[in-house]
Amino acid sequence: MEEQPIIVKRKKKVAGGHHGGSWKVAFADFATAMMAFFLVLWLTATASPEQKRAVEGYFKDPVGFTEGGSPNPVDLEGSASVVNESTVDIERSDIQIEDQVVEELAETLEQRKMEELFQELQDRIEQSETLQEFKDQLLIDITSEGLRIQIVDRSQRPMFDSGRAELKYYSQDILFELAKPLGAVSNKLSITGHTDATPFNGRPGYTNWELSADRANTARRALVAGGVGSGQIARVVGLSDSVLFDKDDPTAPVNRRISIIVLNKKAAQGIQNNAGSGDEPLIDLTRPTEAEQDEAMETLKQGDWMREQEEPAEGELNW
């Protein structure tokens with residue numbers, strides 16, 4: 001009888017659950033992919049519209065995009081091109097800041113000129129026999145529109161006869177004296193007439209509105225005759241009793257007055273814009289002239305601007 005061969009099967013045992021190192025490689029690939037994914041998300045969220053368009057153009061036509069344009073499809077602000085563009089932006093920013101400083105300096109210089117004119121008028125009042133006699137009727141201050149001179153009535157010494165628009169002889173002398181320094185400046189002038197609250201009943205249809213306007217126009221003619229240029233007058237207005245000086249006593253003589261304002265450029269520009277039909281002004285009076293810009297830059301070089309910034313602001317000047 002033929003014997004059958006004996007087959008012994010032996011199984012190889014793996015020690016302690018060890019499965020090799022292939023899973024580590026797979027996990028490393030997965031972590032790298034996730035890091036790249038989140039990096040793409042971050043770049044997408046922080047990229048500008050121009051950068052996104054650059055990426056889109058690169059993927060649409062990589063060869064043509066590279067040959068026809070920048071070799072950097074996505075600029076992460078580390079390339080020379082961005083450095084150059086940043087330099088241009090910084091230069092433009094410096095120019096804008098410089099223009100702003102020049103305009104502020106020009107406004108400061110204009111304010112200084114107003115204060116110098118204020119002092120000149122005070123000195124003229126003290127030195128002029130004509131103005132010295134009526135100094136209690138001259139009120140000078142600096143407002144947001146410019147330097148304001150108010151000539152007010154006093155008891156037994158009015159500028160005009162009651163209900164009339166003809167100047168008293170001494171009122172005309174006052175305006176002639178004021179016309180000399182006012183005509184020497186280049187600023188525009190505003191002239192306003194005011195009355196008290198006493199109704200005018202002299203003529204039918206003629207009220208304090210017409211009376212205040214006529215008095216303001218009479219003052220304009222006197223200033224022009226005294227040396228103020230006719231083209232220097234920007235506005236002549238009659239306000240009746242709508243803006244009282246003494247609100248507690250509407251009929252007080254001090255409410256009857258003529259107000260002359262040496263306008264700053266901002267106020268003059270506002271008058272020009274509001275009086276027109278909405279068209280842009282031919283001359284931008286708010287922008288400093290070349291001479292004023294040169295003067296402002298010279299002041300900046302000398303350091304006056306920094307010293308003025310350290311000084312306390314002065315309050316409203318009154319006399």
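The values are calculated or read from the model by the stated rules, or taken from the named source; none is laboratory data. Treat the numbers as computed from the prediction; the structure is a model and nothing was measured. Using ideal geometry, Cβ is built from the backbone for each residue, glycine included, and neighbour counts are taken over all protein chains shown.
A compact table of results
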{"quantity": "Single unsatisfied condition, Ser242 versus (1) in a helix (DSSP H, G or I); (2) loosely packed, with under 13 Cβ neighbours inside 10 Å; (3) at pLDDT 55 or above", "calculated": "(1)"}
{"quantity": "Condition met for Asn217 (surrounded by fewer than 18 Cβ atoms within 10 Å (Cβ to Cβ) and closer than 27 Å to Pro250 by Cα)", "calculated": "yes"}
{"quantity": "The range 144-165, residues that are in contact with a strand residue (DSSP E or B) (Cβ under 7 Å, 6 or more places away or on another chain) and within 30 Å of Gln269 (Cα to Cα)", "calculated": "Glu145, Gly146, Leu147, Arg148, Ile149, Gln150, Ile151, Val152"}
{"quantity": "Criterion: in contact with a His (Cβ under 7 Å, 6 or more places away or on another chain) and closer than 21 Å to Gly146 by Cβ - qualifying residue of Val224, Val243", "calculated": "Val243"}
{"quantity": "Filter pass, Leu117 being crowded, with 19+ Cβ neighbours inside 10 Å, under 22 Å from Asn217 (Cβ atoms) and touching a strand residue (DSSP E or B) at 6+ places or on another chain (Cβ under 8 Å)", "calculated": "no"}
{"quantity": "Which listed residue is outside any helix (DSSP H, G or I), touching a residue at least 60 places away in the same chain (Cβ under 8 Å), in contact with a helix residue (DSSP H, G or I) (Cβ under 9 Å, 6 or more places away or on another chain) and hydrophobic (A, V, I, L, M, F, W, C), from Leu147, Leu117, Leu105", "calculated": "Leu147"}
